[in-house]
Amino acid sequence: MNDLVRYQLQQSIDTMTKVLADDSLHAAVVEAGRITAEAMKNGKKLLVCGNGGSAADSQHLVAEFVSRLTVDRPALRAIALTTDSSILTAIGNDYSYDNVFERQVEALGQPGDVLLAISTSGNSKNCVKALKLAGTMGLHTVSYTGNGGGVMKAESEINIIIPSSVTMNIQESHLALEHIFCMIVERYYFGEDFGKKPQQLSE
């Protein structure tokens with residue numbers, strides 16, 4: 001069992017090491033943060049969606065924006081499209097599960113908003129459909145994926161693609177880069193010196 005622990009940790013470290021070395025990936029995270037901050041400055045919002053573990057990531061990331069990440073500051077506009085069970089089950093029942101995020105983008109999205117879709121495979125049909133609609137409605141589109149980006153790559157302005165096909169390792173890197181994305185939005189929104197001495201708070 002100790003060997004299993006070491007092996008899994010090494011896999012995670014190896015993936016993170018590849019992420020650390022990928023300057024184009026870093027640039028994509030920075031650009032996503034810049035666009036999102038500009039949208040928020042203009043009274044727009046961030047919409048986030050994903051399935052399973054990526055649904056949890058969507059809610060986690062939005063919590064950092066609406067509450068805080070490391071430093072007290074005004075709340076920032078963000079909505080997770082994964083949280084309303086009545087909406088999700090109604091759309092899934094009346095239409096299809098493939099439509100659960102697309103329909104919410106239609107209802108809540110406005111030109112200039114940002115849709116961030118999270119999928120380890122890059123092929124989640126409901127995320128693909130949401131991205132396609134968002135693009136036609138004038139929203140900015142960002143995808144966090146792995147597996148080469150999948151179908152979502154072609155539907156997104158900005159792609160943050162983890163160089164792995166292992167779901168758990170993609171998710172681990174996604175979470176790290178989602179936190180960094182939030183920090184970048186804060187710096188662009190509140191100024192470059194914001195949060196340089198983060199408070200360490202227990203949850």
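Just so it is clear, none of the values below were taken in a lab; they were calculated from the coordinates. Every value quoted in this text rests on a predicted model; they were computed, and no experiment measured them. Neighbour counts run over all protein chains shown; Cβ positions are idealised from the backbone, glycine included.
Could you compute the net charge surrounding ALA55? Neighbours are other residues with a C-beta less than 14 Å from the C-beta of ALA55; K and R count +1, D and E count -1. Here the charged neighbours net out to -3.
What is the gain in length, in nm to one decimal, between PHE190 and ASP3 on full extension, counting 0.36 nm per residue of separation less the C-alpha to C-alpha distance?
In short, 62.8 nm is gained.
Here the dipole of the chain is about 240 debye; that uses its Cα centre as origin and unit charges on the Cβ of Lys and Arg (positive) and Asp and Glu (negative). Among the DSSP helices (H) of the chain, those spanning at least 30 angstrom by Cα along their long axis with an average Kyte-Doolittle hydropathy of -1.0 or more are 167-190; this is a geometric and hydropathy rule only. A dipole drawn for the stretch 11-190 from +1 and -1 charges on Cβ atoms has a positive end, and of GLY52, ILE162, ASN126 the residue lying farthest that way is ASN126.
For the chain, the 222 nm mean residue ellipticity estimated from helices alone, with every DSSP H stretch of n ≥ 4 adding -39500 (n - 2.57) and the total spread over all residues, rounds to -17500 deg cm²/dmol.
Among the listed pairs LYS45/LYS153; LYS45/LYS196; LYS45/LYS125; LYS18/LYS41; LYS44/LYS132, those with a Cα-Cα distance over 30 Å are LYS18/LYS41. One Cα centroid belongs to the stretch 171-196, the other to the stretch 28-106; the line between them spans 16 Å.
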